Amino acid sequence: MKTRQGFSLFEVTVYIAIIAVVMVAVLGIVAETVLNRIKAEALHNVTASTRFALERISQDIRAATDIDETDLSSNLLTITLADGTVREYYATAGQLYVATNGGSDIALTPSNVTVTEFSLEDRTTVGSETKDVTVTLSVADEALSATTY
């Protein structure tokens, strides 16, 4: 009696089909992992840049000796510090900027993060010596939907 050596065409076809199904499943998992990583990096970028901008504005508001509340309705935050420094915060063309003493504008948000809303509200009570300002900052990244802080 002769013994068979090798595989039949049917066995090779089944083997290739099984390997193909496994590879498609693995590639799907890898693709999903890469996509999630891109989204996580974008979220980190948006969160970090927004946190930096809000922290800078918050520090200046706390240190302010005067806040020009007439500009708040036009979404321009003008702050005078104890040393006489005047800072203006505003959003234009999807970026948040600060100008110190009328100097050149410095972007507080990176170019890949778009500011979708920068609004200010004066919540100072009548007769109060302390200024109370609410800052709303909404930003977006291409990989994420809009995020409000």
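Within segment 94-137, the residues that satisfy the criterion of being under 16 Å from the mean Cα position of the chain (by Cα), free of Cβ contacts under 8 Å to residues at least 24 places away in the same chain and part of a loop (DSSP other than H, G, I, E, B) are Gly94, Ser111. Checked against (1) in a strand (DSSP E or B); (2) surrounded by fewer than 16 Cβ atoms within 10 Å (Cβ to Cβ); (3) of a type in the set (A, V, I, L, M, F, W, C), Ile79 passes all but a single condition, namely (2). Restricting Thr109, Thr116 to those that are open to solvent by less than 20 Å² (accessible area, probe 1.4 Å), within 22 Å of Arg51 (Cα to Cα) and among the β-branched types (Val, Ile, Thr) reduces the list to Thr109. Filter segment 14-29 for residues that are open to solvent by less than 80 Å² (accessible area, probe 1.4 Å) and among the β-branched types (Val, Ile, Thr) and give the result. Within segment 14-29, Val14, Ile19, Val22, Val26 meet the criteria.
The values are calculated or read from the model by the stated rules, or taken from the named source; none is laboratory data. Computed from a predicted structure; not experimentally measured. Quick reminder, even Gly has a Cβ in these numbers, built from the backbone with ideal geometry, and neighbours come from all protein chains shown. The area values use the complete protein model at the heavy-atom level, side chains included, leaving out ligands, DNA and RNA. Shrake-Rupley method; radii C 1.70, N 1.55, O 1.52, S 1.80 Å.
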